[in-house]
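Have a look at the structure below, then the notes.
The values are calculated or read from the model by the stated rules, or taken from the named source; none is laboratory data. All figures in this text were calculated on a predicted structure; none of them were measured in a lab. Backbone-built Cβ (ideal geometry, glycine too); neighbour counts: all protein chains shown. These area figures cover heavy atoms from the full protein model, side chains too; ligands, DNA and RNA do not enter into them. Shrake-Rupley method; radii C 1.70, N 1.55, O 1.52, S 1.80 Å.
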Amino acid sequence: MAGTPAQRLGSASIPSPYWPNSPVESQLATEIVQRSMMSHLPLEGLRVIDMTVVWSGPTVTMLLSDLGAEVIRVDNPWLFPSSTRGLVARPTEAQMKMMGTMGRAYPDGQTGDRPQDRHAMFNWHARGKKLMTLDLRKKSGREIFLEMIKSADVFVENNNVSVLEHLGIDWPVLHETNPALILLRMPPAGIGGKYSTYLGFGAHFEAFSGITAVRGYADSAPATTTSVFQMDPASGSVGAFAVMAALRRRQTTGQGDLIVLPQVENEMNHIGEMFIDAAANGHDSQPMTNRDLNFVQGVYPTNEDDRFVSITIRDDDEWHRATEVMGNPDWAADDRFLTQAGRLASQDDIDAEITNWTRTRTRNEVFTLLQNAHVPAGPIMLEDDVFSDPHVKARGFLRKNTGSATGTHLYPGHQWKWSGPPMKWSPIGGLGADNEYVYKEVLGFSDEQYADADREGHIAVSYLDAAGNPI
């Protein structure tokens, strides 16, 4: 990976003389891209520096890695990142029980000798990344980091908005160090404005975006909803797209870009029609539970304990097919149910009758019967159901991967399939596992310089307490 970022774009880019300025050049450019895609991933040859936490930022770098980029993750061994590698560094059994799914997400429920490398919150998005340690709070750490930035194409971070400035590596410094660098920042509430420095996680900023107010049950307060953290994966996908758009722009300009992705604003796009309705009509949307404004829709219990099925009836044809599957019961001939408008006005009564029918069958029976009649329906699955589902197995979505401290397990696979070259699917490393590679090969450190970095507290394979002991 020698050379400047612009020189290392390789076959994934369109050579500037062939940038499409005419139909002929456009066709030639397309052919070049198609040829390059036959054997190379789109981001192959690019280097991404990852200083991310929790879920949204790591999702960005996971996607960029899947597409061929070399991702170097930077961890400070002196600062344990809560909610990134577990909620606490080494939880007790009592703490794990108290913290629920997020606290006990270790293989076999055991923290092991290296809990920071065993927690699912980290391992699911750590595939294929190079893992190095560095204390950026020290002058030498800042110098090392800026040296690494010189050979980087992209830097992704989603820390508190003040972190980069506090560390002395804000955009003016980074851009001066490497004018071709693309920096993606993901502050929850953006940079600037009254709330930009506020602290919080998905639960807080999803509420701030307004989405919590329209989620849940119609007769319950927002306080009864659970945290779903939709903001994180949504921001991760958009962040990766924004980086690739900036890389495409850099092919013509040669210049890097600062991208600011306020996660709250990205989340607000998911309920944009509700904002328009409020602005145009003064209407505040309310939670709809599992219903829809235009379709007869609901989630119904089955004869299995605490197991449900989702059904949607969109028009007259689907109503007739659905009621035929149900045996053409007398209640279905009620005059109120002759039109979709009448059915929507009487959905409480319809739900009661559908429930009487679904309660006599399993989820899969209802699902299969209605789908065979071309009526939208689906079982509400728990995690175990997904693992054993024949469709998921046939699609090969869940894939085996091996972690340095976890062994081999099934993980969520790539988010899409395509006709291009196979996307990366690499093992999961441990904290500091690639220190020698990054320091000696990427940065060109000698053995003596590497030993100095070790003495200065940059090199570690465990998180450390104030005295330098592993925790």
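Residues being at positive phi and either in a loop (DSSP other than H, G, I, E, B) or of a type in the set (Lys, Arg) (or both) are entirely absent from segment 175-182. From the set of residues in segment 132-158 that are free of Cβ contacts under 8 Å to residues at least 40 places away in the same chain and of a type outside the set (A, V, I, L, M, F, W, C), which is most open to solvent (accessible area, probe 1.4 Å)? This residue is Lys139. Tell me whether segment 283-294 contains one or more residues that are at pLDDT 95 or above and among the small types (Gly, Ala, Ser). Checked against the condition, which is being at pLDDT 95 or above and among the small types (Gly, Ala, Ser), segment 283-294 yields no hits at all. Applying the set (1) under 30 Å from Leu43 (Cβ atoms); (2) in a loop (DSSP other than H, G, I, E, B); (3) touching a residue at least 40 places away in the same chain (Cβ under 8 Å); (4) open to solvent by 60 Å² or more (accessible area, probe 1.4 Å) to Gly432 leaves exactly one unmet item: (4).
Only residues that are within 21 Å of the chain's Cα centre (by Cα), over 30 Å from Ile354 (Cβ atoms) and in a helix (DSSP H, G or I): list them for segment 261-309, please. Within segment 261-309, Gln263, Val264, Glu265, Asn266, Glu267, Met268, Asn269, Gly272 qualify. Residue-level analysis places Val74 among those that are open to solvent by less than 30 Å² (accessible area, probe 1.4 Å) and out of contact with any Lys or Arg (no Cβ under 9 Å at 6 or more places or on another chain). Going through Val438, Val461, Val442 one at a time, which residue ends up being in contact with a Lys or Arg (Cβ under 9 Å, 6 or more places away or on another chain), open to solvent by 70 Å² or more (accessible area, probe 1.4 Å) and of a type in the set (Val, Ile, Thr)? So the residue among Val438, Val461, Val442 that is in contact with a Lys or Arg (Cβ under 9 Å, 6 or more places away or on another chain), open to solvent by 70 Å² or more (accessible area, probe 1.4 Å) and of a type in the set (Val, Ile, Thr) is Val461.
Residues of segment 204-220 that are in contact with a helix residue (DSSP H, G or I) (Cβ under 8 Å, 6 or more places away or on another chain) and either among the acidic types (Asp, Glu) or part of a helix (DSSP H, G or I) (or both): Phe205, Glu206, Ala207, Phe208, Ser209, Ile211, Thr212, Ala213, Val214.
If you check Thr197, Thr212, Thr226 for being surrounded by fewer than 16 Cβ atoms within 10 Å (Cβ to Cβ) and closer than 21 Å to Thr101 by Cβ, only one passes: Thr226.
Quick grid of which residues meet (1) touching a strand residue (DSSP E or B) at 6+ places or on another chain (Cβ under 6 Å); (2) at pLDDT below 95:
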{"site": "Ala377", "(1), (2)": "yes, no"}
{"site": "Met381", "(1), (2)": "no, no"}
{"site": "Phe387", "(1), (2)": "no, yes"}
{"site": "Asp434", "(1), (2)": "yes, no"}
{"site": "Phe445", "(1), (2)": "no, no"}
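Among the residues of segment 397-407, those identified as open to solvent by 30 Å² or more (accessible area, probe 1.4 Å) and part of a loop (DSSP other than H, G, I, E, B) are Phe397, Ser404. Flag set for Asp454, criterion: under 22 Å from Asp117 (Cβ atoms) and free of Cβ contacts under 8 Å to residues at least 40 places away in the same chain. Apart from one condition, Leu258 fits all of (1) part of a helix (DSSP H, G or I); (2) open to solvent by 40 Å² or more (accessible area, probe 1.4 Å); (3) out of contact with any Gly (no Cβ under 7 Å at 6 or more places or on another chain); (4) within 20 Å of Met186 (Cα to Cα); the exception is (1).
Considering the conditions (1) surrounded by 14 or more Cβ atoms within 10 Å (Cβ to Cβ); (2) in a loop (DSSP other than H, G, I, E, B); (3) β-branched (Val, Ile, Thr), Thr360 is excluded by exactly one of them, (1). Pairs meeting the criteria (first residue in segment 212-229 and within 22 Å of Phe275 (Cβ to Cβ), second residue of a type in the set (A, V, I, L, M) and assigned to a loop (DSSP other than H, G, I, E, B), beta carbons under 8 Å, at least 6 apart or on different chains) are Val214/Met288; Arg215/Val228; Ala218/Met288.
Give the residues of segment 305-338 that are farther than 14 Å from Leu370 by Cα, open to solvent by 60 Å² or more (accessible area, probe 1.4 Å) and of a type in the set (D, E, K, R), sorted by residue number.
If the condition is that a residue be farther than 14 Å from Leu370 by Cα, open to solvent by 60 Å² or more (accessible area, probe 1.4 Å) and of a type in the set (D, E, K, R), then Asp305, Asp306, Arg307, Asp315, Asp316, Asp330, Asp335, Arg336 are the ones that fit.
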